[in-house]
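Peer 1: Mind looking over this structure? Questions follow.
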Amino acid sequence: MASVYPALATVSKEVLPRAMSESPMSDPTEQHEGQILQGQAHVSGDQATPSALSLLRPAIMLIVLVGGAIALREIPALHDLLNDTAHLRQGAAGRFWFCLAGTLWCLFGLPRQILCFAAGVAYGLAEGTALATLSTVAGAVLCWAWARWGAHHWARETLARRKRQGKGGVLMRYGERVAGMLDRHPFETIVTLRLLPVGSSLLLNLFAGLSAVALLPFTAATLVGSLPQSIIFVLLGSGAQFGGWGRTLVAVVLFGVSGVMGYRLLKRITRNQQTELS
């Protein structure tokens, strides 16, 4: 997860200054050929000037995500709540607070392995897996929705414009590659990337929101893809709580199997994409 926040910071350095400094260059009373809805870019040939509204939403989206992630990392209240096993076990209220805290935790991209471990310590394998999965899916869907509201149109227009102009750095090329995979194989791609032991759940949620992935396949793929690792870390938590070395060993084996499956699926999707493009 350490790579997530530098990546967000890099994107915000590109978006926020533009959102604060750029304004529409054309007279709003003029009618241009091919003018699109208010709030989108005005295109003339290969050049496009983003409107103030089209840049405002991405700026707000990044400010909230970065600010929320930093706040949750620095403020100990959420960590203390997840560590307070006695409070979490207090009937329906304890479960509610766990799910609320877990949803915020996953919404802002904090390591969900910690959330699953805490669920295993507090509730054991079955209930811990259910509550951790519910929190994971809810947080991911909220992040997807926030990205869809904030920067879906801006991202698609920016990617298309830079592709026409032959511009784009490493981050843009990576975004184009992931967007292509999500457009062609949304369910399989999300399941695969969730299975991998490395990577950023936050960036995947954002890319899915910025791409054309619909809510239902995103939710279903998140549920399927995140479940194996949820079980693994809930197992570790329950094993640590009850002294179950067998559970810990099973969790380690499952973690390796999940990584191998994710890697094999990723190779297959990449190969299929190259075949479709050739």
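Peer 1: Provide the per residue accessible area, probe 1.4 Å, for region 56-244, rounded to a whole number of square angstrom. All intermediate terms of the calculation are to be shown ahead of the outcome.
Peer 2: Details: 8190 Å² over 189 residues.
Spelled out: the 1.4 Å probe surface of region 56-244, per residue, equals 43 Å².
Peer 1: How much accessible surface area, in Å² rounded to 10, belongs to the heavy atoms of Arg268 with a 1.4 Å probe?
Peer 2: 120 Å²
Peer 1: Whenever you get a sec, compute what percent of the accessible area on region 56-244 sits on carbon and sulfur atoms (1.4 Å probe).
Peer 2: Numbers: 5690 of 8190 Å².
On region 56-244, the fraction of accessible area on carbon and sulfur atoms equals 69 percent.
Peer 1: Here's another thing I want to ask about it. Given labels modelled 7 Å from the Cα in the Cβ direction, how far is it in nm from Arg164 to Asp84?
Peer 2: Reported label-point gap for Arg164 and Asp84 is 5.5 nm.
Peer 1: Quick check: convex hull of the Cα atoms in region 62-160, volume per residue, rounded to a whole Å³? Could the numbers behind the result be given before it?
Peer 2: Numbers: hull volume 9.6 nm³, N = 99.
That works out to 97 Å³ per residue.
Peer 1: May I pose another question? About its Cα centre, how strong a charge dipole does region 56-244 have in debye, to the nearest 20, once Lys and Arg get +1 and Asp and Glu get -1 at the Cβ? Each step should come with its number before you reach the end.
Peer 2: Numbers: 16 positive and 8 negative charges, 186 e Å.
For region 56-244, the charge dipole is close to 900 debye.
Peer 1: For region 56-244, compute Rh as the Kirkwood radius over C-alpha pairs and then the Stokes-Einstein diffusion coefficient at 10 °C and 1.306 mPa s; write the answer in µm²/s, rounded to an integer. Write down the numbers at each step before the final one.
Peer 2: Numbers: Rh = 17.3 Å.
Approximately 92 µm²/s, per Stokes-Einstein.
Peer 1: So for region 56-244, averaging the separation of alpha carbon pairs under 8 Å that are six or more residues apart and normalising by length, what relative contact order in percent results? Kindly include the intermediate steps, with their values, before the conclusion.
Peer 2: Numbers: 233 pairs, mean separation 56.0, N = 189.
Relative CO of region 56-244 lands at 30 percent.
The values are calculated or read from the model by the stated rules, or taken from the named source; none is laboratory data. Computed from a predicted model, the values in this text were never measured in an experiment. Glycine also receives a Cβ, built like all others from the backbone with ideal geometry; neighbour counts cover every protein chain displayed. Accessible surface areas use protein heavy atoms only, side chains included; no ligands, DNA or RNA. Shrake-Rupley method; radii C 1.70, N 1.55, O 1.52, S 1.80 Å.
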